[in-house]
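Student: One structure coming up, written as C-alpha cells, with questions to follow.
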Amino acid sequence: MRHLMNPLDFSVEELDQLFDLANDIERNRDKYAHACAGKKLATCFYEPSTRTRLSFESAMLSLGGSVLGFSDAQSSSATKGESVSDTIRIISCYADICAMRHPKEGAPLVAAEKSSIPVINAGDGGHQHPTQTLTDLLTIRTLKGRLDQLTIGLCGDLKFGRTVHSLINALSRYEGMRFIFISPDELRIPDYITEMLKDKNIPYEEVIRLEDKMPELDILYMTRVQKERFFNEEDYIRLKDFYILNRKKMQLAPKDMLVLHPLPRVNEISVDVDDDPRAVYFKQAQYGVYVRMALILTLLNIHVD
C-alpha cells in the first residue's frame, strides 16, 4: 500500500508514468468511466477548500466511484476531540482511499501511519500540497512539452505559499532549471528553499519588481497573499495588492510564456488577462482533475487496458 504525502514520494520516472496516464485520461474519458466502480473515496477536509475537494470528488465520480466525507472540521468528530489517528481508522472501515486536508503540518502523515487504506495529503498548513504540485507539473509538461530547461518566475506570497514550496522542490529534480523569486521582503522565499537550491547548484534570483523579469520567463506562477496565514491584519492589508498582473505587464512577456495560478485568485491577476492565450490557470484546474484521476488509479493499483 502506498500514500502520497510529498511530491518527492514519486520518482521522476514514476511521475512521467502518472502524467502519461493523465494525458491518456484527457484523450479517452470514456475508457476510464467505470474504472473505480464499487470504490469509495473519503474526503476529510479539516480546512475550507473549493477546488481541491471538488476536483477530488469530480475525479472519483468520473472514474465511476463514489464519495463520502466532510468539508470542514466543524462537521466532523474533531469537534468532540477525536484524534486524526482515530478518525482515519474509522474512515478505513468505510472507504478505499482518503484525501485529507488539515491546518496542522504533518497531520496527513500521522493519518497515513495508522491507515489501512491509501492516504493522499490534500494540503497540510503551510507545508505541502502535493496534488497541486502534480497539477502544476502536468500543466507545464502538457503545454510546454517538457519539465526541464525552463526559467520559472514565482510571484507574490513565497513565504507562506505551500504550493510554491512544493513546486520548487519538485522542479529542482529536473535539468537546466532556473528560478526567479519575485516578492516583497516580508514574503520572501524561506531560507531552507534557497539553501536547497544552493546545495544543488541551481541558479536563482530574488527580486522585488515583476516588470524587470517578465521578458526572461518561460513560466510565471502567480500566488495570492493569503490572509489566513497572517497574524496581523495591518500587514495583510499593506501587502495584499503588492503585485497585480494586468494586460500592460503581459506585453513585456514572451509570446510563449505561460501564466499559472493555484487559485483562488483575489485581485493579483486582473480579469483583462483571462482572454490572453498565455493565461492557462483555468486549464490548470481541469488538469487537476485528470492528474487526481490518474493518482487514484495508481494508488488503488487499478489498470485499464
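Student: Restricting attention to segment 141-184, which residues are part of a helix (DSSP H, G or I), surrounded by fewer than 21 Cβ atoms within 10 Å (Cβ to Cβ) and touching a strand residue (DSSP E or B) at 6+ places or on another chain (Cβ under 9 Å)?
Tutor: LEU143, LYS144, ASN169
Student: For residues in segment 140-180 being at pLDDT 95 or above and hydroxyl-bearing (Ser, Thr, Tyr), which is farthest from ASN267 (Cα to Cα)?
Tutor: TYR174
Student: Could I ask something else about it? Restricting to segment 40-70, and then to whatever is open to solvent by less than 50 Å² (accessible area, probe 1.4 Å), of a type in the set (S, T, N, Q) and under 19 Å from the mean Cα position of the chain (by Cα), can you tell me which residue is modelled with the lowest pLDDT?
Tutor: If we take residues in segment 40-70 being open to solvent by less than 50 Å² (accessible area, probe 1.4 Å), of a type in the set (S, T, N, Q) and under 19 Å from the mean Cα position of the chain (by Cα), then SER49 is modelled with the lowest pLDDT.
Student: Can I ask one more? Pairs needed: first member in segment 271-299, under 19 Å from MET1 (Cα atoms); second member anywhere, open to solvent by 20 Å² or more (accessible area, probe 1.4 Å) and among the hydroxyl-bearing types (Ser, Thr, Tyr); C-beta distance under 7 Å; at least 6 residues apart or different chains.
Tutor: So the pair list comes out as MET293/SER62.
Student: Name the residue, out of LEU245, LEU252, that is of a type outside the set (Phe, Trp, Tyr) and within 21 Å of the chain's Cα centre (by Cα).
Tutor: On the way: LEU252 fails: within 21 Å of the chain's Cα centre (by Cα).
Among LEU245, LEU252, only LEU245 is of a type outside the set (Phe, Trp, Tyr) and within 21 Å of the chain's Cα centre (by Cα).
Student: May I pose another question? So which helices (runs of 4 or more DSSP H) are wholly in segment 190-305 and hold at least 1 residues that are surrounded by 14 or more Cβ atoms within 10 Å (Cβ to Cβ) and modelled with pLDDT of 95 or more? Steps first, answer last, please.
Tutor: On the way: elements: 191-199, 233-239, 247-250, 281-299.
Those helices (runs of 4 or more DSSP H) span 191-199, 247-250, 281-299.
The values are calculated or read from the model by the stated rules, or taken from the named source; none is laboratory data. All of these numbers come straight from a predicted model, not from anything done at the bench. Cβ sites come from the backbone with ideal geometry, for glycine too, and all protein chains shown count toward neighbours. Keep in mind that these areas ignore ligands, DNA and RNA; they rest on the heavy atoms of the full protein, side chains included. Shrake-Rupley method; radii C 1.70, N 1.55, O 1.52, S 1.80 Å.
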